[in-house]
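Here the structure is laid out as C-alpha cells; the discussion comes afterwards.
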Amino acid sequence: MSFLDQLPIDAVVLLRCPNLTDPGRFEQMVAVACIELWMKFEWIVPDVKEGKSANWIRDVDMVGRCDCVLAFFEGEEMGGGTYHLVEKAMDQRVPVYSYGVVSGRFIRIGEHDPDDMWSRLAPRVGR
C-alpha cells in the first residue's frame, strides 16, 4: 500500500484481468486499495477477437503503457502469464520488480531496473 501512496497524483495503476472470469483475488485487493487512496486504476482485459494470442497481446500492450511493472505470483517460481509479462517488460527496458507470495508473506524475488529509476519506491521485503 505504501508503494501506491508514493505514486504521483496522476498515476494510473494497470491491473490484468481475464476476459471470461473475475479478476484474481490479489488484483481485486489492489483495486480496493486504489479506491481507498483515490487513485485511478484500469482493468486490462484481453481482446477476444485476438483468439488464442489475446492474453499475450494484452501483456505486450500493457507493458508498452507502463513506467514500471510490479509482478506478484504464488510461490518462489514465476510462471505462465506473469513470466510472459515480466519477459516483455525486460525486452522493452521497462523496470520490473518481482515478488513471490510464500506462506502469506511477500518475498522480493528479483528486479530488472537498468537505470535504477524505481528502486527507492519499490517495496522492500525479505528475500
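A short reminder: the numbers here are calculations on the coordinates, not readings from a lab. Not measured: the values here are computed from a predicted model.
Based on Cα contacts under 8 Å between residues 6+ apart, the chain shows a relative contact order of 19 percent.
Note on P(r) over Cα pairs in 5 Å bins from 0, in percent: of the candidates [x] 2, 9, 15, 16, 13, 12, 10, 10, 8, 4, 1, 0; [y] 2, 10, 19, 24, 24, 15, 5, 1, 0; [z] 2, 8, 8, 9, 7, 6, 6, 6, 6, 6, 6, 6, 5, 4, 4, 3, 2, 2, 1, 1, 1, 0, the value calculated from this structure sits at [y]. What is the distance in Å between the Cα centroid of region 1-56 and that of region 57-115? Taking the Cα centre of region 57-115 as reference, the centre of region 1-56 is 14 Å away. Every helix of 4 or more DSSP H residues in the chain counts as -39500 (n - 2.57), and over all residues that averages to -9000 deg cm²/dmol at 222 nm.
Note on region 23-127: antiparallel DSSP beta bridges, both residues inside, total approximately 55 percent of the bridges counted.
For a straight C-alpha distance cut-off of 15 angstrom, the aspartates and glutamates reachable from Lys88 (same-chain residues fewer than eight places away being disregarded) are Asp59, Asp61, Asp67, Glu111, Asp113.
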